[in-house]
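Reviewing the structure listed below.
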Amino acid sequence: MSLDPKYIRANERIRVPQIRLIGPNGEQIGIVTVKEGLVKAQEAGLDLVEVAPLAKPPVCRILDLGKYLYALGKKEKEARKKQKVIDVKEVKMTSKIEEHDYQTKLRNARKFVERGDRVKLTMFFRGREITHMDIGQKIIQRFIGDISDTAEVERNDGLEGSAIHLYFTPLAGSKKQTQKTGSTKEESNAQDQNQQSS
């Protein structure tokens with residue numbers, strides 16, 4: 001169980017009748033009262049810290065509280081670093097999109113998926129375009145087909161206001177395949193700029 005530094009009980013904050021005490025060098029002292037544990041910790045010039053609150057009785061150790069909290073914080077930081085942050089990148093289109101723009105948007109979406117990100121496709125209907133939703137739906141179906149080798153539809157929120165929103169998630173294994181033939185950093189940056197400008 002990972003301990004959150006905010007919830008660590010130490011010294012007078014430990015309020016249970018008995019604890020299983022571990023000495024400053026890791027030696028098992030046994031089951032004692034909190035008062036006895038505090039006396040031993042003070043004798044060693046250290047703190048009495050609860051390290052396994054769910055054990056019966058809770059396990060407490062004599063150690064330097066400051067160092068212990070620092071080590072715990074460092075461990076939490078490392079764990080957060082290892083977690084992959086998945087971004088949602090948005091690709092916007094209208095039902096009157098031109099072929100060149102469509103291909104640019106498709107390339108951007110592929111690039112995002114290859115990086116392991118999710119893609120949100122937003123199809124806008126401006127003014128009277130909403131009365132010809134079938135045109136937008138055809139473009140959406142084409143997009144789903146064009147990106148189907150690297151991503152699949154995770155969620156289709158349908159029409160909300162004047163836009164349709166779909167979410168795509170990378171297919172398992174597609175990232176590895178594209179890494180071999182992936183675009184250069186310069187191309188990626190250029191595509192990022194294209195996506196932002198349009």
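Say we look at the range 82-99 and pick out the residues that are loosely packed, with under 10 Cβ neighbours inside 10 Å and either under 10 Å from the mean Cα position of the chain (by Cα) or of a type in the set (Gly, Ala, Ser) (or both); which of these is modelled with the lowest pLDDT? Reasoning before the result, please.
The initial filter retains those residues of the range 82-99 that are loosely packed, with under 10 Cβ neighbours inside 10 Å, namely 82-85, 98-99.
Still in the running and either under 10 Å from the mean Cα position of the chain (by Cα) or of a type in the set (Gly, Ala, Ser) (or both): 82-85.
Numbers: LYS82: 70, GLN83: 68, LYS84: 62, VAL85: 65.
My answer is LYS84.
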**OP:** Look at LEU46 and say whether it is buried (at least 17 other Cβ atoms within 10 Å of the Cβ), of a type outside the set (Phe, Trp, Tyr) and free of Cβ contacts under 8 Å to residues at least 24 places away in the same chain.
**Re:** yes
**OP:** Only residues in the range 115-142 that are in the same structural domain as LEU159 (by TED's automatic domain parsing) and surrounded by fewer than 17 Cβ atoms within 10 Å (Cβ to Cβ) count as the first member; pair them with residues that are assigned to a helix (DSSP H, G or I) and charged (D, E, K, R), Cβ under 9 angstrom, at least 6 apart or cross-chain, and list the lot.
**Re:** ARG115/LYS175; GLY116/LYS175; ILE135/GLU129
Subject >> Sole exception among (1) at positive phi; (2) in contact (Cβ under 8 Å) with a residue 60 or more places away in the chain; (3) not β-branched (Val, Ile, Thr) for LEU72, by number >> reply: (1)
Original post:
Taking the range 148-193 only, how many residues are at pLDDT below 50, β-branched (Val, Ile, Thr) and either part of a helix (DSSP H, G or I) or in contact with a helix residue (DSSP H, G or I) (Cβ under 7 Å, 6 or more places away or on another chain) (or both)?
Top reply: 1
Original post:
Any idea which of (1) modelled with pLDDT of 90 or more; (2) not in a helix (DSSP H, G or I) is the one ILE140 doesn't satisfy?
Top reply: (2)
**OP:** Go over the candidates GLY45, GLY127, GLY116 one by one and state the one that is over 18 Å from the mean Cα position of the chain (by Cα), modelled with pLDDT of 85 or more and at positive phi.
**Re:** GLY45
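The values are calculated or read from the model by the stated rules, or taken from the named source; none is laboratory data. Nothing here was measured: the structure is a model prediction, and the numbers come from that model. Cβ coordinates were reconstructed from backbone atoms using ideal geometry, including for glycine residues, and neighbour counts include every protein chain displayed.
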